[in-house]
1. Counting only residues 5 or more places away or on other chains, whose amide H sits under 5 Å from the amide H of residue B:241 once H atoms are built in the peptide plane?
2. Averaged per residue, what accessible surface does segment A:87-162 expose to a 1.4 Å probe, in Å²?
3. Taking a 1.4 Å probe, which of A:87, A:34, A:122 shows the most accessible area, and what order do the others take after it?
4. Taking a 1.4 Å probe, which of A:118, B:394 shows the most accessible area, and what order do the others take after it?
5. So what J values fall out for segment B:398-403 if you push phi through Karplus, 6.51 cos²θ - 1.76 cosθ + 1.60 with θ = phi - 60°, rounded to Hz, Gly and Pro as x?
6. Assigning unit charges at the beta carbon (Lys, Arg +1; Asp, Glu -1) and nothing else, what dipole magnitude in debye, to the nearest 20, does segment B:61-157 show about its Cα centre?
7. Can you give the accessible area per residue of chain B, in Å², using a 1.4 Å probe?
8. For residue B:182, what residues show an amide H to amide H distance below 5 Å, using hydrogens built from the backbone and excluding near sequence neighbours?
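The values are calculated or read from the model by the stated rules, or taken from the named source; none is laboratory data. These numbers come from a predicted model, not from an experiment. We place every Cβ from the backbone using ideal geometry, glycine too, and count neighbours over all the protein chains shown. Heavy atoms of the whole protein, side chains included, go into the accessibility calculation; ligands, DNA and RNA do not. Shrake-Rupley method; radii C 1.70, N 1.55, O 1.52, S 1.80 Å.
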Amino acid sequence: MSHFSKGPGDAAGPATDLILGIVIVLFSLLLLFWIIPAQVNDAGAFGLPPSLAPRALAWLMAGLGAVLIAGNLQHGGDDPLAGKLTWQDTGHLALCILAVVLMLIVMGVVGDVIGRPYSGFWIGAPLGLIAFTLIHTRAPLWAYAFNALAAPAVIYAGFWWGLELPLP
Amino acid sequence: MDIIFAAMLDALSLTTFLSVVLGVMIGIVIGAVPGLNAPMAIAVAIPLTFTMAPLAAIGMLVGVMKGGGFGGAIGAILLNTPGEPHSAATTLDGHPLARGGKPRKALQTALYSSVAGDSCSDLVLILLAPTLAVFALRAGPVELAAILVISLTLIASLSGRSLTKGIFAAALGAFLATVGVDPETASPRFTFGQVELFDGLPLAAVAIGVLAVPEIILRLQEGRRHRPEATSVVTPSEGDDRLPFREFLTLRRTVFRGAGIGTAIGALPGLGTTLAAFLSYAATKRFSTAPEKLGTGATEGIAATESANSAVSGANLIPLLTLGIPGNLTAALLVGAFLIHGVTPGPLIFQRDTSLVYGLFAAMIMANVMVLIIGSLGLRVFALIVKVPPFVIYPIVLLLCVVGIYVSQGGFFAVGVMLTFAVLGFFMLKLEISIVCFIIGLVLGPMIELSIRQSVILLSRNPAAIFDHPFALVLFAASPFVAWLLIRDRNRLSDG
């Protein structure tokens, strides 16, 4: 009972594991016919070539992808062993990754502009924590204050004085 | 003998002692948080160890492992929310006992049983591993390849509901392990011109990316739905009950049985803590004088599961230290930590890093004592952790992951790798592709490739020479039978 778009508000889509199988097969073919030849040099190898293990594993993955496709088709897209993935899941993942990337960009830019040690962390981390808290839930105001002020201070102290590791 | 004694003294140094204490506290705290568990705690703690000496670093991670084992029981008992599958067995009696007005007794039973089980398996490890390593040193590449094949067959039992996806996960992990310089020809593979990739993918970034970050992203998505209802949380302050030591002694048979089951299962790669916990629970029910009490809040039930699942952690280091084969996720993460500190787990560790390995043994015993002391003293405090709202915990843990990888791996490249693998891990989690198999494939990949390549070179001129390796032949022949047994019973054996 798994469809890529089975979340509330989504239109029905094709079976997740069918897509997964197709993606695995395409990825394996990409590895076999493009990435492995371009990225592994077999010249001068003694014994077995360096590309043997990657090739063997790529063929194995292609075979497993085919098995997933066949299994899914056999169950008519209603495979009980299939996972569940919705468009909301993908959107949420994108939102979280975007928040982390933006936090890192802010850290980098602020650090460059101000030019003071750890200034990037002091500006970026509270903003990042507020964003993560906002993504999680509508938390009470004290939670935002705690996450934005106390948590970065504790992390800073722990890394800098406790572990003597410089922060971004 | 002098080296062993010196190593033990080294483990008692202030730095190592404080590292172990810190590790135990991190393990208990993270393990107690609903939704987080011991392997995640280790993954998050690995970057913190980068500037430490190898013994202090490994000691801290061992502390996290042992602390996390007990921490998982806190959530299971007080909140009825197991952080890991094996803690589900603890909830059977732990939560009813806590709800019945004896939360402290439930937690103390879990703590004492956990420490006792762990200590027993550590003792077996300390006595057995050096001897086994001597035998393992006699094994050549052919024997090693055979051991790896049968280990992988056992590890396949961790593949979750779909065997196909489990094998795919392990294959993908092994494939990604080929990134970096080829060990035989020294030619770069899949480095895309990036110097940072010449040493392979940064294991800590990959482990945190695929293991911790997706779980936190998932928890962020669940939002308030995952917040425990106030009525279901029990705190030790509600009851003024204690577990007298004399009463705990009456559980000694249950504890030793659990420790024996856990040690035996932990010594075999792949079988895992869940099987140990439930087998011990079933055995206790069978031999108990009052089996009808189990499941209603019997201390016997808690002792059975906690002693067994804790015993697995020590025993899991037997295949790790003697053969270099991680038997579960925690052991795989420890391999990563060993490699980061320039130590290669395997039989040679007893020759090359004697002081480290015996120091590790001492640190393990020390960690058990610390779990007992810190756990006993801070029982009320640690029990409060389950009440900390998730909107405070998860954002902070996510920031810790990012900052930890940045500072330990030296920049944004590793953070990029972590985020890439976080995306992969999230899809794997949602699509029920085993992350455990992926990590173990990633860790074992180079070893498998090297041993197979060496075996082929050895046997290429005379394939009949395989008959000169009877041990390897037996293992190769047994592998299909073991595979058949595991496929038949996989649902029961699986950790996922």
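1. Long-range HN contacts for residue B:241: B:104, B:105.
2. Numbers: 3880 Å² over 76 residues.
Computed with neighbouring chains in place, this is 51 Å² per residue.
3. Details: A:87 135, A:34 165, A:122 105 Å².
Final ranking, largest accessible area leading: A:34, A:87, A:122.
4. Listed by decreasing accessible area, they come as A:118, B:394.
5. Ordered by residue, 3J(HN,Hα) equals 5, 5, 4, 4, 5, 5 Hz.
6. Working: 6 positive and 5 negative charges, 77 e Å.
Dipole about the Cα centre, nearest 20: 360 debye.
7. On the way: 18140 Å² over 496 residues.
Each residue of chain B exposes 37 Å² on average to a 1.4 Å probe.
8. B:187, B:189
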